[in-house]
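Bear in mind these aren't lab numbers, they're just calculated from the coordinates by the rules spelled out. Just so it is clear, the model here is predicted, and its values are computed rather than measured. Positions of Cβ are generated from backbone atoms using ideal geometry, with glycine treated the same way; all protein chains shown enter the neighbour counts.
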Amino acid sequence: MAAGNWKMNGTSPALSEIDALFEHLSADGPEVLICPPATLLALMTERAAGSELKCGGQDCHVAASGAHTGDISANMLVDAGAEYVILGHSERRSDHAETDAMVRAKTETAWVAGLRSIVCVGETEAERDAANTLGIIGGQIAGSIPDGATGENLVVAYEPVWAIGTGRTPTLDQIGEVHDFIRARLEKRFGEGVGRSVRLLYGGSVKPDNASEIFSVSNVDGALVGGASLKAQDFSAIIAALR
Ligand code: 13P
């Protein structure tokens, strides 16, 4: 799976980027998703209609509706054509003080609305330097993922905070260590069958020139891509690396 997170980038002219992606998509190819800013979501799903491109949101509120000025509900994302929602991205955790408990509650809300959740976890550089990476990831996995996870409703993205937007990536061994650990935790909690079926994405400075080697790591089922998803040429090269 190749998932693009456009973050707070793009106004309507940026939608033309997706046109160049369509030829790289097929029903038997890798699943491809873009999560644009909320203002572009409905426009993007209309433009992608009839193609294999899926669209998603970047966050949703924990409540189904109500007096929450400026927020977006899971049902609104569905109404705009979303099939997925990214939850607990490190930028949400730091910019909006989102806790594991909030991410877990949002994930439950998203499931009720019929969305699939991409739950993000990842350590800071200080946490890695303190040899605490697996402790942090274990806590985030336990705290952010609700009971009832399946391979259909959950995707987990491992995004080391220090690798996001920096051009730095962990070694392949470091990526493999964390992905194996997440897989083992999911199998232990949800059973082997479910744990094996949840897709695990790596995110953080994935580019056309490092995508193939990252995809060769065990338990890496794809990527959550920020900057390189904004340009069709780069994102299509990453999609091609999944084939
Ligand atoms: P970059 O690919 O720009 O490092 O961003 C990764 C990310 O945060 C995707 O959610």
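Tabulated results
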{"item": "Proxy reagent accessibility, fewest Cβ within 10 Å first, across 238, 164", "result": "164, 238"}
{"item": "Separation in nanometres of the label points that stand 7 Å from Cα toward Cβ, at residue 112 and residue 192", "result": "3.5 nm"}
{"item": "Measure of compaction for the stretch 117-197 (Cα Rg per 2.2 N^0.38 Å)", "result": "1.09"}
{"item": "Length added when fully stretched, residue 129-residue 26, from 0.36 nm per residue minus Cα-Cα", "result": "32.9 nm"}
{"item": "Extension reserve of the residue 216-residue 83 stretch, reckoned as 0.36 nm per residue once the Cα distance is removed", "result": "45.2 nm"}
{"item": "Radius 12 Å from Cβ of residue 153, net charge of other residues (Lys, Arg +1; Asp, Glu -1)", "result": "-2"}
{"item": "Normalised contact order of the stretch 172-243, rounded percent, pairs of Cα under 8 Å and 6 or more residues apart", "result": "31 percent"}
{"item": "Neighbourhood net charge (9 Å Cβ-Cβ; Lys/Arg +1, Asp/Glu -1) for residue 56", "result": "+1"}
{"item": "Computed over the chain, Cα set: Rg, Dmax in Å", "result": "16.7, 49"}
{"item": "Assigned charges on the beta-carbon of Lys, Arg, Asp, Glu; the chain dipole about Cα centre (debye)", "result": "180 debye"}
{"item": "Options 134, 18, 62, ranked by Cα towards positive dipole end of the chain, top entry (Cβ charges)", "result": "62"}
